[in-house]
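Data block below; observations after.
Just so it is clear, none of the values below were taken in a lab; they were calculated from the coordinates. These numbers were taken from a predicted model, which means no experiment stands behind them. Backbone-built Cβ (ideal geometry, glycine too); neighbour counts: all protein chains shown.
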Amino acid sequence: MKTFGLIGRNIDYSFSKSYFNTKFNNGAIKAKYINYDIENIKEIKQIVANSIELAGLNVTTPYKEEVIPFLDEIDSQAERIGAVNTIKIENKKLIGYNTDVFGFTKSIFSLIAPNHEAALILGTGGAAKAVRHALVSMGYQINFVSRDKDKGDFTYDELTAEIIKNHQLIVNCTPLGTHPDVNQCPPIPFEFINETHLLYDLIYNPSITSFLAQGKEKGAQIINGEQLLIAQAEKSWEIWNAE
C-alpha cells in the first residue's frame, strides 16, 4: 500500500493525517498517511530507507529549511524560496517542492484590498519565506518582524503606530498561539490595529487564535490558515501523482 506522511516535531495536532486519510477512505484510494514525529531531521534517512511504499512527504515546523540538504533534487521555486514543505519520492530519490506559496496565494487573493500595499511578516522561518515569496509576487512591499534583531527588519519592540499604519496586512508565521498553548501571541501593538487591517494567521488550531481575536476586537478582517492547508495539501497530492 502506498504510504504518505508528515515530517515534523510535536505534530499530534496536525490537520494533514486526518485530511488525507479521509480523502483516501472517501475515494477508495489504497493508501495511508502517517505522522513521523522526529527530534532531528537526520531521521528522515532512516524513514525513507525503512519504508518501501513511501511515495511522498509533507514537511512542517521546524524542518522546512533543515530538510533541504537531505534532498536529491529541489524544484526551482522551492530553491528560490529556501524552504520545502512537499517531497516526492521516486526510487528512494527525494525531490523537494514548496506548495505553501500556492496555498497562501489562493487563500488570500480574494481578500486583498487596494490599501493592502505593504505587509509585516511575523517570523523568519520556512513558512515566512514562502509567504514572502507569494506577497512579493503579488506586488507587496514586505518587512520581517523577529525577536532577533539580526533576522528581521524590525523587532517587536520597534513596532510603532506609524509602522502598523503603513502595513495594512500582518501575517503571523510563528507558532505562537498553536494548540495547546492558545494564550500565546506575537507581541505586536494591537492598539494601533483598526478596520483597515487584514490579519492572517497561518495557525488553524484553534480556528481563532489570540492574535486573530485581538485583531477582530479592533475591527480588523481576519483569516486563519485552514484554507491554505487545504490548498497546499491538494497541490501536494497533484505533485505526488504527476507522471
Subject >> For Ala119, distant residues with modelled amide H under 5 Å away >> reply: Gln141, Ile142, Asn143
**OP:** Could you tell me which of rounded, prolate or oblate describes the range 102-227, using a ≥ b ≥ c as the square roots of the eigenvalues of the alpha-carbon gyration tensor, with rounded for a/c under 1.5 and, failing that, prolate when a/b is larger than b/c and oblate otherwise?
**Re:** rounded
Subject >> the range 33-40 - phi-based ³J(HN,Hα) in whole Hz, Karplus 6.51/-1.76/1.60, Gly and Pro as x >> reply: 10, 10, 8, 10, 8, 10, 8, 8
Original post:
Looking at the square roots a ≥ b ≥ c of the eigenvalues of the Cα gyration tensor of the range 110-171, which shape do they give, rounded for a/c under 1.5, prolate if a/b is larger than b/c, or oblate?
Top reply: oblate
Original post:
Which GluC sites (Glu not before Pro) does the range 45-94 hold that lie in a coil by DSSP with at most 12 other beta carbons within 10 Å?
Top reply: Glu53
**OP:** Take the alpha carbon gyration tensor of the range 137-198, find the square roots of its eigenvalues, order them as a ≥ b ≥ c, and report rounded if a/c is under 1.5; if not, report prolate when a/b exceeds b/c, else oblate.
**Re:** rounded
**OP:** Report the extension gain between Asp157 and Ser207 in nm, rounded to one decimal, defined as 0.36 nm multiplied by the number of residues separating them, less their alpha carbon distance.
**Re:** 15.3 nm
Subject >> Within the chain, helix-based [θ] at 222 nm, where runs of 4 or more DSSP H residues each add -39,500 (n - 2.57), nearest 500 >> reply: -9000 deg cm²/dmol
Subject >> Most fluctuating residue given options Asn21, Asn58, Asn35, as computed from a GNM of the chain linking Cα atoms under 10 Å >> reply: Asn21
Original post:
In the Gaussian network model of the chain, springs joining C-alpha atoms below 10 Å, which of Thr160, Thr61, Thr86 carries the largest mean-square fluctuation?
Top reply: Thr160
**OP:** Please build a GNM for the chain, connecting alpha carbons under 10 Å apart, and tell me which residue among Pro186, Pro69, Pro114 fluctuates the most.
**Re:** Pro114
Subject >> Kyte-Doolittle mean at least -1.0, axial Cα span of 18 Å or more - DSSP H helices of the chain >> reply: 226-241
Original post:
Hey, rough spin-label estimate for Ile38 and Lys93, points 7 angstrom out along Cα→Cβ, what's it come to in nanometres?
Top reply: 2.0
Original post:
Pairs Lys149/Lys218; Lys106/Lys216; Lys2/Lys129; Lys151/Lys235: which exceed 26 Å Cα-Cα?
Top reply: Lys149/Lys218; Lys2/Lys129; Lys151/Lys235
